[in-house]
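Engineer: Sharing a structure below in structure tokens format, with a few things to ask.
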Ligand code: FES
């Protein structure tokens, strides 16, 4: 159950259904995902049917209905990347981290997600990490990236 109140997000937006996407963006920023309880609250407060809130929250890749790791690794599995080995990259990431696409690692450091195109097809296979693009990615470079991010995450935790 989310603990922070949604009042600051809803301030001035109640009963304004057209504010749905902006409100969901703020909920996503607050929690790192969109909890079910928050969807119910947004539905009631904006006057938008819960099914519509769910439809919008599940449609856009920017929103997540599950908690996501500190590092979100997005793996393009579109055709242009697929023919250049995107599946090998996905296997590398999921195998190295021990998660399925969409899941968060138990330490909260990583989520691997798959998408159908990242808009840089000529540079494939393409992977992003928290919005940074890595093109012509190889399994070896990806392994190094994940190791480096894991090392940074462990260091930050140790010094927190
Ligand atoms: S298919 Fe991978 S970036 Fe377009």
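Rule-based calculations on the coordinates, nothing more; no lab input. Small disclaimer: the values here were computed from a predicted structure and weren't measured. When we count neighbours, we look across all protein chains shown, and the Cβ atoms used for this are built from the backbone with ideal geometry, even at glycine.
Engineer: Within the stretch 120-147, what residues put their amide N at less than 12 Å from the label point 7 Å along the Cα-to-Cβ vector of residue 107?
Structural biologist: Only 146-147 pass the distance filter.
Engineer: In addition: As a test, work out the antiparallel percent of DSSP beta bridges whose residues both lie in the chain, rounded to the nearest 5.
Structural biologist: 55
Engineer: Testing the spin-label approximation: label points 7 Å from Cα along Cα→Cβ at residue 91 and residue 60. State their distance in nm.
Structural biologist: Between residue 91 and residue 60, the simple spin-label model gives 3.6 nm.
Engineer: In addition: Can you compute log10 of I(q)/I(0) for the stretch 79-134 with the Debye formula, treating each Cα as one identical point scatterer, at q = 0.14, 0.16, 0.24 Å⁻¹?
Structural biologist: Result of the Debye calculation: -0.37, -0.48, -0.99.
Engineer: Taking the Cα atoms only, what angle lies between the long axis of helix 139-159 and the longest principal axis of the chain, rounded to 10 degrees?
Structural biologist: 50
Engineer: Can you give the Kirkwood hydrodynamic radius for the stretch 37-89, in Å, rounded to one decimal and based on Cα pairs?
Structural biologist: One decimal place: 13.6 Å for the Kirkwood radius.
Engineer: Compute the helix-to-body angle for 36-46: its Cα long axis versus the longest principal axis of the chain, expressed 0 to 90° and rounded to tens.
Structural biologist: 40
Engineer: Quickly estimate the mean residue ellipticity at 222 nm for the chain, helices only: each DSSP H run with n ≥ 4 gives -39500 (n - 2.57), and the total goes over all residues, rounded to 500. Write down the numbers at each step before the final one.
Structural biologist: Values: 7 runs with 74 residues, N = 160.
After summing the helix terms and dividing by the residues of the chain, the value is -14000 deg cm²/dmol.
Engineer: If I fit a long axis through the Cα atoms of helix 50-59 and take the longest principal axis of the Cα atoms of the chain, what angle between them do I get, 0 to 90°, rounded to 10?
Structural biologist: Tilt of helix 50-59: around 20 degrees.
Engineer: Apply the a/c threshold of 1.5 to the C-alpha gyration tensor of the stretch 48-160 and tell me whether it is rounded, prolate or oblate.
Structural biologist: It comes out oblate by the Cα gyration axes.
Engineer: Also, I was wondering about something else. Would you mind telling me which residue in 69, 124, 144 has the biggest mean-square fluctuation in a Gaussian network model of the chain, where springs connect alpha carbons within a distance under 10 angstrom?
Structural biologist: 144
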